[in-house]
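> The structure that follows is given in the form of structure tokens.
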Amino acid sequence: MVSEGQTPPENIYPLTNKEKMSDFNLSVHVHRLLDKEPFFAALSRRVNKRATKSIPTAGVYIDPRNFQYEMIYNPDFFENLNDNQIRGVLIHEFYHLVFEHLTGRKPEGIHNFTWNIAADLAINDLIGKENLPDGCCIPGHDKFANYPSGLTAERYLEMMKQDPEMEKLFSDDPQGGNGQPGGSGENGEPTSGSPSDYGQFDSHEKWDEATDAAKEMAKERLNDILRKAANECNNKTGWGSVSSQMKKQIMEKIATKIDWRKVLRSFVGSAQRADKSSSVRRINRRYPYIHSGKRVNHVANIAVAIDQSGSVSDAELTAFFSELNKLAELATFTVIPFDHKVFEDKVYTWKKGDKRKTERVLCGGTDFSAPTQYVNDRNFEGLIILTDMMAPKPISCRCKRMWMASKGNLERAPFETRDRTIAIDIKE
């Protein structure tokens, strides 16, 4: 991914020498996002930007060469805007990425131009009229005066279908060009009106150039971009103007839906230890009938540390034991109850196939280093910690370590970890 400050690859939309004389510097305004809009600043760092006069305003698209997101912009367009409007346009373009408008939400049979208007209505409503160029399509204003706020692009599209003033956008005029809805000219736009006639200021004409395969690859990259941006905001900077509802949608979008059985099977399998012993009853594959063979006993020596501190609720503890009863279907493991330390007399073996009831045996503070050190001092191949995550970062673990907590607690964890994490359902 080309970041700001790096030299981008050869420009698909090169500027002529005359065009390069523009004094507008987008980087200055992008940098200002850091102060007021940390989430969009984090997105911006992961989206390449290119100046061009091949489009009148600005737009985002998927680069067909590398399936990455690009923002192209006309410097002359930005020179005529104030600081708030420039910031609003940048946020507008990044919201197109967040809402996946480039990668597959457009309904079948709907003209690209028409879908763009519906998408802009949903986005501009979040940004506000005062932060956008004049004449943008915004619910409650101009042609969309009767359109309520807070709807999705799909809902606005349905309203447009019922709007007599938007009828041309859904018509099929054979004499309008290529037989596209509303008639389309050379640029794929309806001959019944220009983008500005409907309050559409940015360019979306390249959205359809990406193949389905390119869109799928770009979508995977987008999830990674959003996840990294969200982690930065959660751990350091805050979210800026992003509402709590929008934050929730973004977190749900990037949340990995995990089959706990597959995760646990994978973890247990990768932590198996092979105990080998000689056996005259097995044939040595390399030296048959010369040396004895080997008998291999696969043992999954897994430790499960249960956080029983006072910060862990009864509901969380019940959920932990529910998950352990499922894990017991797969393997035998050692249970390590802990709070601020491990009480060795309470450690026990949970045999495969056993069922146990919820039990709280401790209720102190929390120290994740305690169970980690306990495992480091013994011969374990894997450690699973069931917790609410509310404690400082622990020492390193010599074996594989995985964390299991509620989705909300994983998002609010006070430290970052490269260990595997899995969210479990907590029912109050």
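The numbers here are math on the coordinates, done by the rules we state, and not lab data. Note that the structure is a prediction, hence the values are computed from the model and not measured. Cβ placement follows ideal geometry from the backbone for every residue including glycine, while neighbour counts extend to all protein chains displayed.
> Only loop residues by DSSP count here, and only those with at most 16 other Cβ atoms within 10 Å; note down the trypsin sites (Lys or Arg not before Pro) in segment 89-173 that meet that.
Those satisfying the criteria are ARG105.
> Right, next: Please give me the summed charge of the neighbours of LYS355: other residues whose Cβ is under 12 Å from its Cβ, Lys and Arg +1, Asp and Glu -1.
Cβ neighbours under 12 Å give a net charge of +3.
> Anything over 22 Å Cα to Cα? Flag those among LYS253/LYS326; LYS346/LYS393; LYS248/LYS400; LYS355/LYS400; LYS236/LYS393; LYS341/LYS400, in the order listed.
Check vs 22 Å cut-off fails for LYS253/LYS326; LYS346/LYS393; LYS248/LYS400; LYS355/LYS400.
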